[in-house]
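Engineer: Just dropping this structure here.
The values are calculated or read from the model by the stated rules, or taken from the named source; none is laboratory data. Being a predicted model, the structure only gives us computed values, none of them experimental. Quick reminder, even Gly has a Cβ in these numbers, built from the backbone with ideal geometry, and neighbours come from all protein chains shown. Keep in mind that these areas ignore ligands, DNA and RNA; they rest on the heavy atoms of the full protein, side chains included. Shrake-Rupley method; radii C 1.70, N 1.55, O 1.52, S 1.80 Å.
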Amino acid sequence: MVNAAGLTLIGFGKWFLAMMNFVSISLLVSLEMVKFLQGSFMENDWLMYDVTKDLPAKVQSSNLNEELGMVNYIFSDKTGTLTQNVMDFKKFSAGLYSYGTSDPRKIKHEPGVTNVNFDDETFWEAWRDQSHENYETLEKFIVILAVCHSLIVEKKDGVIIYNANSPDELALTNAARYFGYVFEDRDENGNIVIHNTITDTKIVYELLNIIEFTSARKRMTIIVKDPNNKILCITKGADSHIVGRLEPG
């Protein structure tokens, strides 16, 4: 049988094991202050500062500070998660002409339009002159950019912001916006509303069908009816799947 001293020792041991995870109030305050200071160091670390977006690192929680030192490897299963997956519209060809300069000193960003880094006086001369031999082809090309997509429009303070599934789709639609054909939104019937800022008119394309992009098709197709009741089948996608469909017949 266990005497009183033994029971006391066993009871003290159980109490010690039950209370060993607890810390004093003063020590808890000290730990939180240390974590707060560590978070301040992270937010002021210039190595984690994003220059392009003018954003420093933001500490949302201080509960994981002591676990950061345990991280040795970061695995990613998607291209673009850890890299800057950004695309800019710089060059294109329409008809027998190619547009877009190769001199980076002459390329300029357009304020208010993202993902567009295009400039070519030859293009602007043809686009402003409706009698130019390539004007009709340019107009068709820009309409395709403005219509063939699956963007979602968000408006903040009167400014149109595009939300796209892919960076290339965002760049192409912003290019149409830069050229004067602004995709504003879809109306209550799902039709595509384009604002021609050159003539300050609204163009509505009746949406008939969308065949979404898939890894097998490597292209998306949209079928619309233009204001002249002409049905258009518009496709965009990978070169390997589009070039073969440009052959006569």
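Engineer: Scan the stretch 17-31 residue by residue and report those that are surrounded by 10 or more Cβ atoms within 10 Å (Cβ to Cβ) and either farther than 16 Å from residue 63 by Cα or at pLDDT below 70 (or both).
Structural biologist: If the condition is that a residue be surrounded by 10 or more Cβ atoms within 10 Å (Cβ to Cβ) and either farther than 16 Å from residue 63 by Cα or at pLDDT below 70 (or both), then 23 is the only one that fits.
Engineer: Please verify whether the stretch 126-142 includes one or more residues that are farther than 29 Å from residue 218 by Cβ, at pLDDT 80 or above and of a type in the set (A, V, I, L, M).
Structural biologist: Looking through the stretch 126-142, at least one residue is farther than 29 Å from residue 218 by Cβ, at pLDDT 80 or above and of a type in the set (A, V, I, L, M).
Engineer: Select from the stretch 138-152 the residues that are without any contact (Cβ under 8 Å) to a residue 24 or more places away in the chain and within 16 Å of residue 191 (Cα to Cα) and list them in ascending order.
Structural biologist: 152 - this is the single residue of the stretch 138-152 that is without any contact (Cβ under 8 Å) to a residue 24 or more places away in the chain and within 16 Å of residue 191 (Cα to Cα).
Engineer: Restricting attention to the stretch 76-96, and to residues there that are of a type in the set (Gly, Ala, Ser) and at pLDDT below 85, which single residue is surrounded by the fewest Cβ atoms within 10 Å (Cβ to Cβ)?
Structural biologist: Ranking the qualifying residues of the stretch 76-96, first place goes to 76.
Engineer: What number of residues within the stretch 131-167 satisfy the criterion of being in contact with an Asp or Glu (Cβ under 6 Å, 6 or more places away or on another chain) and among the β-branched types (Val, Ile, Thr)?
Structural biologist: Number of matching residues: 2.
Engineer: Given the conditions (1) in a strand (DSSP E or B); (2) under 24 Å from the mean Cα position of the chain (by Cα); (3) surrounded by 12 or more Cβ atoms within 10 Å (Cβ to Cβ), and given that residue 155 satisfies all but one, which numbered condition is not satisfied?
Structural biologist: Residue 155 satisfies every listed condition except (3).
Engineer: Further, regarding this structure: Quick check on the stretch 158-170: of everything there that is more than 13 Å from the chain's Cα centre (by Cα) and assigned to a strand (DSSP E or B), which residue is nearest to residue 202 (Cα to Cα)?
Structural biologist: The residue in question is 160.
Engineer: Every residue in the stretch 228-249 that is open to solvent by less than 100 Å² (accessible area, probe 1.4 Å), within 17 Å of residue 141 (Cα to Cα) and not hydroxyl-bearing (Ser, Thr, Tyr), please. Even if it seems obvious, please write down each step before you answer.
Structural biologist: Looking only at the stretch 228-249, we keep the residues that are open to solvent by less than 100 Å² (accessible area, probe 1.4 Å), and these are 232-238, 240-244.
So of that shortlist, the ones also within 17 Å of residue 141 (Cα to Cα) come out as 232-238, 242-243.
Within the stretch 228-249, 232, 233, 234, 236, 237, 238, 242, 243 meet the criteria.
Engineer: Anything in the stretch 182-200 that is open to solvent by 60 Å² or more (accessible area, probe 1.4 Å) and of a type in the set (Val, Ile, Thr)? List them, or say none.
Structural biologist: Result: 197, 198, 199.
Engineer: Mind counting the residues in the stretch 101-114 that are under 26 Å from residue 163 (Cβ atoms) and at pLDDT 65 or above?
Structural biologist: Of the residues in the stretch 101-114, 2 are under 26 Å from residue 163 (Cβ atoms) and at pLDDT 65 or above.
Engineer: Can you tell me which residue among 199, 214, 173 is assigned to a loop (DSSP other than H, G, I, E, B) and closer than 30 Å to residue 121 by Cβ?
Structural biologist: When all the criteria are applied, what remains is 199.
Engineer: How many residues are open to solvent by 100 Å² or more (accessible area, probe 1.4 Å) and of a type in the set (D, E, K, R) when one looks only at the stretch 120-141?
Structural biologist: 6
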